[in-house]
Amino acid sequence: MITNRPYWKDAVVYQIYPRSFKDSNGDGIGDILGIISKLDYLKDLGVDVIWLSPVYDSPNDDNGYDIRDYKEIHKDFGTMEDMDLLIKEANDRGIKIIMDLVINHTSDEHPWFIASKDKNSKYHDYYYWRDKPNNWTSFFSGKAWTKVDDMYYLHLFSKKQPDLNFHNKDVIEEIKDIMHFWLKKGISGFRCDVINIIYKDSLANGKKRLVLTGLEHYHSTKGLHKILKELRTDVLDKYDAFTVGETVLVNTKEANDLILPENKELDMVFGFEHMETDQINNKWFKTKFKPKKFFKTIAKWQEEVYWNANYLENHDQPRSVSRFGNDTKYHLESAKMLCLFNLSLRGTPYIYEGQEIGMTNAYLNKIEDYQDLESIRIYGLAKKLLFPKKLRLKLLRNASRDNARQPVQWDSKEGFTNGKPWIKENPNKDKINVLANMEDPNSILNFYKKLIAFRKNSIVLKEGSFEKVYISKKIFIFKRKTKDKTYLVISNFTSKNVSYPFKIKGSVVFSNYDKQIDYIRPYEAMIIDLTY
Ligand code: TEU
Ligand code: CA
């Protein structure tokens with residue numbers, strides 16, 4: 001059957017944060033040869049695409065999201081030959097690679113930025129240099145401008161991440177050149193970092209906000225769409241490539257504007273709304289997880305967005321089993337429930353390194369153990385605001401991005417490295433690790449493997465429609481349907497027993513408990529075939 005259905009709709013994508021994935025040379029830092037050594041593991045898991053977080057040359061202010069040379073590999077990660085080998089070895093195994101395209105900003109050590117400090121240089125207009133700052137604030141807290149001599153430059157993230165000026169045609173041509181460089185090497189597309197804020201349609205003062213003053217001048221602006229169409233026509237459409245945009249703060253309409261096929265911009269986007277249902281105003285003020293609010297948000301995106309990129313964690317988010325599941329008494333059941341939930345949704349499923357074995361938050365108790373600049377800055381700000389130390393550490397324990405940056409737990413001994421890891425390892429690696437999971441047929445890893453294989457053979461899960469059936473404070477029931485088959489998916493996001501809200505006639509085709517009984521158990525999840 002000839003279908004023009006793009007492969008990325010059916011693919012399972014696995015995100016690798018290279019620094020923490022696998023170290024091959026004992027320096028305590030993950031690297032490209034380490035990734036190559038784990039390609040068979042990923043193939044066996046059923047991974048179709050690897051999203052590789054940045055491996056480019058960088059001063060590592062933001063762990064590689066501050067790029068100094070887009071066409072060089074960071075020496076910590078290896079060489080360009082290693083990268084070429086990774087692309088070849090992955091493609092030989094039928095695994096595609098998409099890379100992180102970080103173009104909203106460069107590093108302040110990028111040659112363009114260094115040259116731009118000279119007002120007469122052609123690079124001066126590659127960035128936003130002004131005589132005086134506006135009132136915008138940074139995603140990492142604090143002001144979004146820094147002074148150099150008698151000028152200020154804009155940086156929506158750290159001061160070592162100056163924003164590129166996309167009003168400048170030369171900047172757009174530079175970006176096209178970088179994209180061609182990597183696509184010609186055989187990668188299959190890009191995860192586009194904060195792609196919906198790259199075009200600032202004005203530098204006017206913003207409405208005063210507690211967080212992100214100035215947002216209205218750069219968030220999903222009209223000028224953005226013109227640039228994305230140009231990158232698509234002039235670059236991406238010349239290759240077999242796809243894109244997934246990281247789009248902060250978009251709503252479902254803005255998401256569709258970016259991904260509807262007729263708009264010829266991006267192929268899918270990561271929304272954040274479901275990741276903001278357990279916080280007040282910003283990520284640092286976490287509330288108790290309320291499944292019902294989370295379910296309603298997921299259902300809205302499933303019903304309203306053309307195609308979803310379904311994820312529950314990544315390198316910026318806490319571990320999902322600690323956040324949405326239960327990483328103590330029901331660790332096994334809830335990690336499997338989250339797997340079944342995410343892989344049963346309509347859209348492309350994304351798995352973050354270690355999620356397949358239920359890696360948990362790190363619960364670091366000393367500020368010295370935190371490496372993430374965003375966390376360190378928030379800690380400093382909280383200290384200035386006289387927050388007690390216990391509360392400052394609580395903020396970080398709940399929301400720090402370092403929760404997701406613990407080295408992958410391959411086994412209980414020297415799995416990640418035989419050197420000193422760049423960041424403290426999670427002490428539970430003796431219990432939660434790949435080796436132990438491989439040896440246990442009932443493990444989270446084997447559940448992921450089986451469900452990924454099941455999903456690959458299921459037209460219903462890959463292509464079926466989504467229909468919300470029932471939402472309560474505890475359980476979420478939805479249908480996935482094609483013309484010949486209907487699945488009912490039930491997920492209990494609590495440690496409580498829950499009675500079935502209605503009679504169900506069907507056969508269970510997948511579940512995280514051995515056999516079903518007449519009520520729904522803690523973190524129980526199942527796929528029921530209603531076709532009869
Ligand atoms: O993240 C965008 C971003 O806003 C995140 O910082 C996120 O909002 C916040 O951390 C909530 O957890 C992208 C990258 O994923 C992130 O790692 C980079 O630090 C950031 O852009 C700048 O490139
Ligand atoms: Ca290394």
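Select from segment 313-327 the residues that are farther than 21 Å from GLY64 by Cα, open to solvent by 20 Å² or more (accessible area, probe 1.4 Å) and not in a helix (DSSP H, G or I) and write down the one among them that is nearest to ligand 2 (Cβ to nearest atom).
ASP327
Let's see how each residue does on (1) under 22 Å from ASP411 (Cα atoms); (2) open to solvent by less than 20 Å² (accessible area, probe 1.4 Å); (3) at pLDDT below 95:
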| residue | (1), (2), (3) |
| --- | --- |
| TYR7 | no, no, no |
| ALA11 | no, yes, no |
| TYR14 | yes, yes, no |
| GLY28 | yes, yes, no |
| ASP31 | yes, yes, no |
| LEU45 | yes, yes, no |
| TRP51 | no, yes, no |
| VAL55 | no, yes, no |
| ASN60 | no, no, no |
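LYS449: charged (D, E, K, R), touching a residue at least 60 places away in the same chain (Cβ under 8 Å), in contact with a strand residue (DSSP E or B) (Cβ under 9 Å, 6 or more places away or on another chain) and open to solvent by 20 Å² or more (accessible area, probe 1.4 Å), yes or no?
No: the conditions fail for LYS449.
Kindly indicate whether any position in segment 155-162 is surrounded by 18 or more Cβ atoms within 10 Å (Cβ to Cβ), over 24 Å from the mean Cα position of the chain (by Cα) and away from ligand 2 (no atom under 16 Å from the Cβ).
No, segment 155-162 has no match at all.
Any residue that is among the acidic types (Asp, Glu), without any contact (Cβ under 8 Å) to a residue 60 or more places away in the chain and either buried (at least 19 other Cβ atoms within 10 Å of the Cβ) or within 16 Å of ligand 1 (Cβ to nearest atom) (or both) - is there at least one of those in segment 181-195?
Within segment 181-195 (the criterion being among the acidic types (Asp, Glu), without any contact (Cβ under 8 Å) to a residue 60 or more places away in the chain and either buried (at least 19 other Cβ atoms within 10 Å of the Cβ) or within 16 Å of ligand 1 (Cβ to nearest atom) (or both)), the answer is no, since none of the residues qualifies.
Among the candidates LEU258, LEU266, LEU212, single out the residue that is in contact with a Cys (Cβ under 8 Å, 6 or more places away or on another chain), in contact (Cβ under 8 Å) with a residue 60 or more places away in the chain and not acidic (Asp, Glu).
One residue alone meets the criteria, LEU266.
Would you pick out the residues in segment 469-499 that are more than 14 Å from LYS292 (Cα to Cα), open to solvent by 60 Å² or more (accessible area, probe 1.4 Å) and not charged (D, E, K, R)?
Within segment 469-499, ASN497, SER499 meet the criteria.
Can you list residue pairs whose Cβ atoms sit under 8 Å apart, with the first residue in segment 155-180 being among the β-branched types (Val, Ile, Thr) and the second being buried (at least 16 other Cβ atoms within 10 Å of the Cβ) and in a loop (DSSP other than H, G, I, E, B)? Count only pairs 6 or more apart in sequence or on different chains.
Listed by first residue and then by second, the contacts come to VAL171/ASN165; ILE172/PHE166; ILE175/ILE103; ILE178/ILE103.
Please list, ordered by residue number, the helices (runs of 4 or more DSSP H) wholly in segment 357-439 having 1 or more residues that are within 16 Å of ligand 1 (Cβ to nearest atom) and modelled with pLDDT of 95 or more.
Ranges flagged: 373-384, 389-399.
Among the residues of segment 500-532, which ones are of a type outside the set (Ser, Thr, Tyr), surrounded by fewer than 14 Cβ atoms within 10 Å (Cβ to Cβ) and farther than 20 Å from ARG480 by Cα?
Selection gives ASP514, LYS515, ILE517, ASP518.
Of the conditions (1) surrounded by 16 or more Cβ atoms within 10 Å (Cβ to Cβ); (2) assigned to a helix (DSSP H, G or I), GLU173 fails just one. Which one is it?
Every condition holds for GLU173 apart from (1).
Within segment 269-309, take every residue that is within 16 Å of ligand 1 (Cβ to nearest atom) and of a type in the set (Lys, Arg) and give me the one that is surrounded by the fewest Cβ atoms within 10 Å (Cβ to Cβ).
LYS286
If you go through segment 109-125 one residue at a time, do you hit one that is within 16 Å of ligand 1 (Cβ to nearest atom) and in a strand (DSSP E or B)?
At the first step, the residues of segment 109-125 found to be within 16 Å of ligand 1 (Cβ to nearest atom) are 109-110, 113.
With the extra rule that they be in a strand (DSSP E or B), the set shrinks to none.
Within segment 109-125, none of the residues are within 16 Å of ligand 1 (Cβ to nearest atom) and in a strand (DSSP E or B).
Checking the conditions here, which among LYS96, LYS75, LYS88, LYS9 is more than 20 Å from ASN314 (Cα to Cα) and touching a residue at least 40 places away in the same chain (Cβ under 8 Å)? Before you say what the answer is, go through the steps one by one.
Working: LYS96 fails: more than 20 Å from ASN314 (Cα to Cα); LYS75 fails: touching a residue at least 40 places away in the same chain (Cβ under 8 Å); LYS9 fails: more than 20 Å from ASN314 (Cα to Cα).
Step by step, each of LYS96, LYS75, LYS88, LYS9 is checked, and only LYS88 is more than 20 Å from ASN314 (Cα to Cα) and touching a residue at least 40 places away in the same chain (Cβ under 8 Å).
Only one of ASP61, ASP31 is closer than 23 Å to ASP402 by Cα and within 14 Å of ligand 1 (Cβ to nearest atom); which?
Numbers: ASP31 fails: within 14 Å of ligand 1 (Cβ to nearest atom).
Step by step, each of ASP61, ASP31 is checked, and only ASP61 is closer than 23 Å to ASP402 by Cα and within 14 Å of ligand 1 (Cβ to nearest atom).
Scan segment 331-354 and give yes if some residue there is farther than 23 Å from ALA453 by Cβ, acidic (Asp, Glu) and more than 16 Å from ligand 2 (Cβ to nearest atom), otherwise no.
no
Give the residue, chosen from LYS75, LYS22, LYS96, that is of a type in the set (Lys, Arg), buried (at least 17 other Cβ atoms within 10 Å of the Cβ) and within 16 Å of ligand 2 (Cβ to nearest atom).
When all the criteria are applied, what remains is LYS22.
Any residue in segment 131-142 that's closer than 11 Å to GLY214 by Cα and open to solvent by less than 40 Å² (accessible area, probe 1.4 Å): show its pairings with residues that are at pLDDT below 95 and more than 11 Å from ligand 1 (Cβ to nearest atom) at Cβ separation under 8 Å, as long as the two are six or more apart or on different chains.
So the pair list comes out as THR137/ARG209.
Would you call ALA90 more than 16 Å from ligand 1 (Cβ to nearest atom), closer than 18 Å to GLN161 by Cβ and in a helix (DSSP H, G or I)? Spell out how you get there, then give the answer.
Numbers: more than 16 Å from ligand 1 (Cβ to nearest atom): yes; closer than 18 Å to GLN161 by Cβ: no; in a helix (DSSP H, G or I): yes.
Taking the combined requirement at face value, the residue does not satisfy it.
The values are calculated or read from the model by the stated rules, or taken from the named source; none is laboratory data. Just so it is clear, the structure is predicted and the values come from calculations on it, not from any experiment. Note that each Cβ is placed from the backbone with ideal geometry, even for glycine, and that neighbours are counted across all protein chains shown. Each accessible area value is taken on the protein alone, full model and side chains, heavy atoms only, with ligands, DNA and RNA left out. Shrake-Rupley method; radii C 1.70, N 1.55, O 1.52, S 1.80 Å.
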